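The values are calculated or read from the model by the stated rules, or taken from the named source; none is laboratory data. Since the structure is predicted, the reported quantities are computational estimates derived from the model, not experimental observations. Note that we place each Cβ from the backbone using ideal geometry, even for glycine, and neighbour counts take in every protein chain shown. Side chains included, ligands, DNA and RNA excluded: accessible areas come from the protein's heavy atoms. Shrake-Rupley method; radii C 1.70, N 1.55, O 1.52, S 1.80 Å.
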Amino acid sequence: MKNTFVAEIEVPKSKRKSATAILKRIEALIAIAEPEHLEMLQHSLEPKVVSSAEKELAKKIAGKDYVEGNSWELELANLERYYQRRRELLEGSITSSKVAELLGCQNRATVRDRRLANTLLGIKDGGLYKYPLWQFDPEGDDGVLDGLPEVLAALDVSDFTKLNWFNKPHLAFDKQTPIEMLKQGKVEAVVTEARVVGIGW
């Protein structure tokens, strides 16, 4: 295949079965990952220099649960959870062509322009932008959920973080999601909360 390379590693025969299963899983994750996500993982796997003072503090906080050692298993588990969440959130999403058809746009360029203008939420996945169905409303302004453009403009975070935030129950909303709040017409409350999402991240 073009634009690919083969990376080989040596694995002891005694670990062949487990190593093969792990490598297949990693290969699948790499195939669907965006370059920036792989770079983040790369940096997270680089050796961490922990001072003696930091170790002592960690021991005090963790108590008997403190374990000193490599954390690659945790990193991999976190990465798998991240991609599982990504797949779940993108289930039922549609492509630019389908969005254009749904909204009666002349072409996909209009959909792209709306995404760039923060009036639609699109997530790049497998080289294509996908648009979650929950944001569309035939009775809403421009065919989307009322208040969506204002909330998208207020969210100063990555597209995936926006998607995750919209679908996550929040204490500020009595454990309702921002999507549920928008459907109830509580646009101002959602916009107010959206403005503070990126602070301190």
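Okay, here's what the table says:
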| item | result |
| --- | --- |
| Any hit, region 128-137, residues being of a type in the set (D, E, K, R) and on the phi > 0 side of the Ramachandran plot | no |
| Which listed residue is modelled with pLDDT of 90 or more, open to solvent by 30 Å² or more (accessible area, probe 1.4 Å) and in a loop (DSSP other than H, G, I, E, B), from THR110, THR119 | THR119 |
| Cross-chain or 6+ apart pairs with Cβ under 6 Å, region 123-152 first and among the aliphatic types (A, V, I, L, M), then assigned to a helix (DSSP H, G or I) and crowded, with 20+ Cβ neighbours inside 10 Å | ILE123/LEU163; VAL144/GLN135; LEU145/GLN135; LEU145/LEU182; LEU148/GLN135; VAL151/VAL190; VAL151/ALA194 |
| Residue ranges of helices (runs of 4 or more DSSP H) in region 1-80 with at least 1 members open to solvent by 100 Å² or more (accessible area, probe 1.4 Å) and at pLDDT 70 or above | 16-32, 35-45 |
